[in-house]
Amino acid sequence: MDITLDKNDDQLSAILTVHLTEADYAATVDNKLKDYSKRAQIKGFRPGKVPVGLVRKMYGKSILVEEINGLLGKAVDNYIKENNVRILGEPLPVASDIDFDTQKDFDFKFELGLLPDFELPADQTLNVERHQIGVDEATLQETYDQISRQYGESTNPEASEATDYLYGKLKKADEEGEGRTVLLPINKVKNNVDKFIGVKPNDSVTFDLKDAFDGDASAIANFSGLSKDEAANASGEYVLNVEKINRTTKPELDQELFDKVFGKDIITSREEFDEKVRTTVQENYDRESDGLLNRQIVDQMVNNTTIEVPKEFFKKWLVRANKGKLTEEQVEEHYDDYERELKWSMIRNKVVEEQGLKVSNDEIVERTMQKILGQFNMEMTPELQDSIRSFADNYLKQENGKNYVDEYEAILAEKVLENLRGKVVVTDKPISAEDFRNQAASQR
């Protein structure tokens, strides 16, 4: 057996050639034929007495192909590992005319995409902003309104009031059809709000959509189902065919509500409830801010790291690896996204390798246990320890271990981003919750 690797001029792709001679496979094929002749059951011959020549004539070609395929797989894998060839995806067989009936020697070629060496940006040369989100009273009031809608008593009155919602179908005045189902919050209407008060089921309300919400594209998009761009360009009169009025009576701020929102006896007073609401809202925004910071770090690293990708091979590999799911046209259309994801994957792997990042089994189990506790709004106690651990173990074994791998990858990704945070300059930027929401909406 002889294996050669010929790099193309771009040094990003290569042809791996495996040359097999009869000596590489003949002995193994002969042994398999002899073994098969002992086990074969062919009419006219006693078990174990089938002539090897007959078995060769009937099954020799298939056994030969099976043996050669096995040899090729091992040979290619071993060559790549032993020579530390860094490849993209998997080797792609090059089509060729092989005659297994007459040939004794064979040449098999494989196309490889080669991953280049690259350097990460020097430490402290990249800058990212972290939003310090301040929770104002308006944001807190929205949270209390959400709690009221979720835990209050819902009714469908005969006529609408200023704090109700109108459920129905919305469409442009000159459009055919029913329109899209919406839930319009009357308290968000800025102009001509009287049109929406005193409305009854089966009434129709005709109004200027843009004017009613004072040109607030975010407010329009939030209830209408229109995209941000569509909402910004909405003009003219719209018709809302009202089907019912939704009203929620605010719940009492008592122990029953405290228990429903935060769990049994965790909060026992109005003061504690207010503080817990504020803290929870702040923590949620901090998580969103961290998520945005992480995306900015990824963008900065990808944009400022020079990595040459074997484009043509990558496109071909994407189609073959996703056979029946991706076409050449789809790959071409979204290629920039695929290449960006590949580059980030390479950067991430380089950080893991250089920094020796690892994830232990204990970390995976602990993370899973905390997720389970969070789902049930519970805190760990000695009495719960064993049962939660059992839940976690069972969850991680499900999906043939996929859940375990997913948790491993999630923790490793967090460690990579945490490591990169120490290599970039992070500048805190104060911003209000409302401005942060509007900015996030504009980026969707």
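General remarks:
- Residue match in the stretch 181-201 (condition: touching a residue at least 24 places away in the same chain (Cβ under 8 Å), touching a Lys or Arg at 6+ places or on another chain (Cβ under 7 Å), surrounded by 15 or more Cβ atoms within 10 Å (Cβ to Cβ) and at negative phi): yes
- Residue list for the stretch 280-316, restricted to those being over 19 Å from GLY422 (Cα atoms) and open to solvent by 50 Å² or more (accessible area, probe 1.4 Å): GLN282, GLU283, ASN284, GLU288, THR306, GLU308, LYS311, GLU312, LYS316
- Verdict on PHE391 being closer than 30 Å to GLY225 by Cβ and touching a helix residue (DSSP H, G or I) at 6+ places or on another chain (Cβ under 8 Å): no
Yes or no, residue by residue, for (1) open to solvent by 60 Å² or more (accessible area, probe 1.4 Å); (2) on the phi > 0 side of the Ramachandran plot; (3) charged (D, E, K, R):
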site	(1), (2), (3)
GLN146	yes, no, no
GLY177	no, yes, no
VAL205	no, no, no
GLY215	no, yes, no
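- Being modelled with pLDDT of 90 or more, closer than 18 Å to GLU142 by Cα and of a type in the set (Lys, Arg) holds for only one residue in LYS188, LYS210, and it is LYS188.
- Residue match in the stretch 66-77 (condition: surrounded by 14 or more Cβ atoms within 10 Å (Cβ to Cβ), at negative phi and without any contact (Cβ under 8 Å) to a residue 24 or more places away in the chain): no
- Of the residues making up the stretch 365-415, those that are among the β-branched types (Val, Ile, Thr), surrounded by 13 or more Cβ atoms within 10 Å (Cβ to Cβ) and free of Cβ contacts under 8 Å to residues at least 24 places away in the same chain are ILE372, ILE388, VAL405.
- Check on ALA234, in contact with a helix residue (DSSP H, G or I) (Cβ under 6 Å, 6 or more places away or on another chain), part of a helix (DSSP H, G or I), open to solvent by less than 50 Å² (accessible area, probe 1.4 Å) and of a type outside the set (Val, Ile, Thr): no
Yes/no matrix, rows are residues, columns are (1) part of a loop (DSSP other than H, G, I, E, B); (2) out of contact with any Gly (no Cβ under 6 Å at 6 or more places or on another chain); (3) closer than 30 Å to GLU119 by Cβ:
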{"residue": "VAL239", "(1), (2), (3)": "no, yes, no"}
{"residue": "ARG247", "(1), (2), (3)": "no, yes, no"}
{"residue": "ASP265", "(1), (2), (3)": "yes, yes, no"}
{"residue": "PHE273", "(1), (2), (3)": "no, yes, no"}
{"residue": "LYS276", "(1), (2), (3)": "no, yes, no"}
{"residue": "THR305", "(1), (2), (3)": "yes, yes, yes"}
{"residue": "VAL309", "(1), (2), (3)": "yes, yes, yes"}
{"residue": "LYS315", "(1), (2), (3)": "no, yes, yes"}
{"residue": "LYS325", "(1), (2), (3)": "yes, yes, no"}
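- Against the conditions (1) part of a loop (DSSP other than H, G, I, E, B); (2) under 23 Å from ALA433 (Cα atoms); (3) of a type outside the set (A, V, I, L, M), THR280 satisfies every one except (1).
- Residue within the stretch 104-117 that is open to solvent by less than 70 Å² (accessible area, probe 1.4 Å), modelled with pLDDT of 90 or more and more than 41 Å from the chain's Cα centre (by Cα) present: yes
- Check on GLU271, free of Cβ contacts under 8 Å to residues at least 60 places away in the same chain, closer than 20 Å to VAL135 by Cα and out of contact with any Phe, Trp or Tyr (no Cβ under 9 Å at 6 or more places or on another chain): yes
The values are calculated or read from the model by the stated rules, or taken from the named source; none is laboratory data. None of these values were measured; they are calculated from a predicted model. Positions of Cβ are generated from backbone atoms using ideal geometry, with glycine treated the same way; all protein chains shown enter the neighbour counts. Side chains included, ligands, DNA and RNA excluded: accessible areas come from the protein's heavy atoms. Shrake-Rupley method; radii C 1.70, N 1.55, O 1.52, S 1.80 Å.
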